[in-house]
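Notes follow once the structure below has been shown.
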Amino acid sequence: WPKDPQGRLSKVFTFKTYRKSFAFVSQVAMLSEKKNHHPEIILDYGKVTISLISHDVQKITERDLELATQIDKIYSA
């Protein structure tokens, strides 16, 4: 997960269909609710962009790194 110009962890995930993109976003949203840590998610046809930062301290924290790892696991499943 490289840093974007705003200092957030950011990654683009690609999919063959909009439906698969949407299903991935739904899983990430449920995980985010469970963790009470909410990323910026941009849903587009065939791709999803996710950005992570701890808004309360305006920097990347362990919570962001843990969520990134769990999102990667969802994508790989």
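Considering the stretch 1-52, the qualifying strands (runs of 3 or more DSSP E), each wholly inside and each with 1 or more residues that are modelled with pLDDT under 95, run over 40-44.
Selection of the stretch 53-65 for residues being open to solvent by less than 40 Å² (accessible area, probe 1.4 Å) and not in a helix (DSSP H, G or I) yields ILE53, SER54, THR61. Number of residues in the stretch 55-77 that are modelled with pLDDT of 95 or more and within 22 Å of PHE24 (Cα to Cα): the value is 14.
Tell me which residues, restricted to the stretch 1-24, are under 25 Å from LYS59 (Cβ atoms) and either over 13 Å from the mean Cα position of the chain (by Cα) or surrounded by 11 or more Cβ atoms within 10 Å (Cβ to Cβ) (or both). Those that are under 25 Å from LYS59 (Cβ atoms) and either over 13 Å from the mean Cα position of the chain (by Cα) or surrounded by 11 or more Cβ atoms within 10 Å (Cβ to Cβ) (or both): TRP1, LYS3, ASP4, PRO5, GLN6, GLY7, ARG8, LEU9, SER10, LYS11, PHE13. Taking first residues from the stretch 28-47 that are open to solvent by 60 Å² or more (accessible area, probe 1.4 Å) and partners that are of a type in the set (Lys, Arg), the Cβ contacts under 9 Å between residues at least 6 apart in sequence or on separate chains come to LYS35/ARG63; GLU40/ARG8. Go through SER26, SER21, SER76 for me and flag whichever is in contact with a Ser or Thr (Cβ under 9 Å, 6 or more places away or on another chain) and on the phi < 0 side of the Ramachandran plot. None of the other options fit; the residue is SER21.
The values are calculated or read from the model by the stated rules, or taken from the named source; none is laboratory data. Just so we're clear, the structure is a prediction, and the values are computed from it rather than from any experiment. Quick reminder, even Gly has a Cβ in these numbers, built from the backbone with ideal geometry, and neighbours come from all protein chains shown. These area figures cover heavy atoms from the full protein model, side chains too; ligands, DNA and RNA do not enter into them. Shrake-Rupley method; radii C 1.70, N 1.55, O 1.52, S 1.80 Å.
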